[in-house]
Amino acid sequence: MQIQNGRWEQRWHPLREEWVVVSAHRQDRPWIGETVVTEGTEAPIYAADCYLCPGNERSSGERNPHYSSTFVFNNDHPCVALEAPKSPPSPIGIYQCRPATGIARVVCYSPLHNLTLAEMDPKAAEDVIATWQREYTELGNRDEIHHVLIFENKGESVGVSNPHPHGQIYATNFVFKTIANEARACHQYHQKTGRMLFHDILESEINDGRRIIYENETAIAFIPYFGRYAYEVFVAPKKSHPDVSDLSDNEVVDFTDALQRILIKFDNLWQMSFPYVMPLHQAPTDGGDYRSFHFHIEFHPPLRKPNLLKYLAGPEIGGGNFLSDTVPEEKAAELRELPYPHYKSKSK
Ligand SMILES: [Zn+2]
Ligand SMILES: [Zn+2]
């Protein structure tokens, strides 16, 4: 890949004590935000102008194969790449920078342009999780990769207008800050108490019970006591695993069940395709000791009500602390009481 004039580096923010990834060559990435579909409108099973549909040409000129289950390819407009300049220009003054390198991939969940993770057949959804397992292992085993961030942005409210269900992977030479914080908290808690922090969170949630939305034998879904967004659901295996690849086949089945229950409840909430940011929180792959880390998925849905966004404003952006306008116990009850079959399946 050729990098023209763009910036591709990390700059240290000395006040927030975190890195800012500068990936300033991406303004003209064409494959996202091109098609305009209103949230909730029905997409066809195939779209001739979709960069993700089987057999279609992408902006790189490559053609997608006629894939039949999940399909993974290297992002044509990555935010990080192994070809990033090894020594970005030195800043003037006290500032620090370093190269932002890595591998960015796209994971198409299925060949069908309109089949979301919520509506997939459970076996097909388990294939998505098996793909996450393979990608985490393959990318995480590379020396130059210190962290594998797998996530899905879904819906126009979070800036995605291509409805073809897909997630992304940023495998990077740095550990994203939220994960670094969680890993540190888990490690320190374990040092101090000899216990696993996430276990104690699960135990507190189970003992209270009001915020649990669903559980089966090995997986659980709940809005945590400390939830920041109205519908901030965590989905986790009950047993500790540092990453998704560590789940047994049986745990994958249970985890998929819990995940799809939540996704279906989200869609049923307002009878619309529910937008969210869904990151997998997994242990870094930088060689550190992460036995105290407990893999989980977090949903960060931007909507409080249909068409009403939770705006991050003064307190959140200006001050750095969340003001939550809703109570987790009430929101969890709301989700728990929703019917299970997907609302669209009734009409089928
Ligand atoms: Zn498509
Ligand atoms: Zn987390």
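Do you know which residues across segment 139-155 are surrounded by 16 or more Cβ atoms within 10 Å (Cβ to Cβ) and more than 16 Å from ligand 1 (Cβ to nearest atom)?
Step one: of segment 139-155, the residues surrounded by 16 or more Cβ atoms within 10 Å (Cβ to Cβ) are 139-140, 145-155.
Listed by number, the residues that qualify are L139, G140, I145, H146, H147, V148, L149, I150, F151.
Hey, among the residues in segment 176-186 that are in contact with a Pro (Cβ under 9 Å, 6 or more places away or on another chain) and assigned to a helix (DSSP H, G or I), which one's most open to solvent (accessible area, probe 1.4 Å)? Steps first, answer last, please.
Just the residues of segment 176-186 that are in contact with a Pro (Cβ under 9 Å, 6 or more places away or on another chain), to begin with: 176, 178-180, 183.
Those still in the list that are assigned to a helix (DSSP H, G or I) too: 178-180, 183.
Values: T178: 77, I179: 3, A180: 35, A183: 12 Å².
Step by step, filter segment 176-186, then rank; the result is T178.
Which of the residues that make up segment 90-121 are in a loop (DSSP other than H, G, I, E, B) and touching a strand residue (DSSP E or B) at 6+ places or on another chain (Cβ under 9 Å)? Can you show your working first?
Initially, segment 90-121 is screened for residues in a loop (DSSP other than H, G, I, E, B), giving 90-96, 100-101, 109-121.
Listed by number, the residues that qualify are S90, P91, Y95, Q96, A100, T101, Y109, S110, P111, T116, L117.
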Conditions (1) within 16 Å of ligand 1 (Cβ to nearest atom); (2) under 16 Å from the mean Cα position of the chain (by Cα): number failed by N114: (2)
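Kindly indicate whether F234 is in contact (Cβ under 8 Å) with a residue 24 or more places away in the chain, aromatic (F, W, Y) and surrounded by 23 or more Cβ atoms within 10 Å (Cβ to Cβ). Explain how you work it out, then say what you get.
Numbers: in contact (Cβ under 8 Å) with a residue 24 or more places away in the chain: yes; aromatic (F, W, Y): yes; surrounded by 23 or more Cβ atoms within 10 Å (Cβ to Cβ): no.
Considered against the rule, which asks whether it is in contact (Cβ under 8 Å) with a residue 24 or more places away in the chain, aromatic (F, W, Y) and surrounded by 23 or more Cβ atoms within 10 Å (Cβ to Cβ), F234 comes out as no.
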Check on S68, part of a loop (DSSP other than H, G, I, E, B), touching a Ser or Thr at 6+ places or on another chain (Cβ under 9 Å) and hydroxyl-bearing (S, T, Y): yes
Selection status of N173, open to solvent by less than 60 Å² (accessible area, probe 1.4 Å), under 22 Å from the mean Cα position of the chain (by Cα) and within 16 Å of ligand 1 (Cβ to nearest atom): no
Extreme residue, farthest from I129 (Cα to Cα), among residues of segment 150-174 that are of a type in the set (V, I, T) and in a strand (DSSP E or B): T172
Residue check for Y189: outside any loop (DSSP other than H, G, I, E, B), open to solvent by less than 50 Å² (accessible area, probe 1.4 Å) and at pLDDT 95 or above: no
Single residue of segment 328-348 satisfying the filter (outside any loop (DSSP other than H, G, I, E, B) and modelled with pLDDT under 85) that is farthest from Q260 (Cα to Cα): S347
Meets criteria (within 16 Å of ligand 1 (Cβ to nearest atom) and either in contact (Cβ under 8 Å) with a residue 24 or more places away in the chain or under 16 Å from H241 (Cα atoms) (or both)) for S161: yes
Selected residue [within 20 Å of the chain's Cα centre (by Cα), at pLDDT 95 or above and away from ligand 2 (no atom under 16 Å from the Cβ)] from G140, G194, G159: G140
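The values are calculated or read from the model by the stated rules, or taken from the named source; none is laboratory data. Predicted, not measured: the structure shown is a model, and the values here were computed from it. Note: ideal-geometry Cβ built from the backbone for every residue, glycine included; neighbour counts use all protein chains shown. With ligands, DNA and RNA removed, areas are computed over all heavy atoms of the protein, side chains included. Shrake-Rupley method; radii C 1.70, N 1.55, O 1.52, S 1.80 Å.
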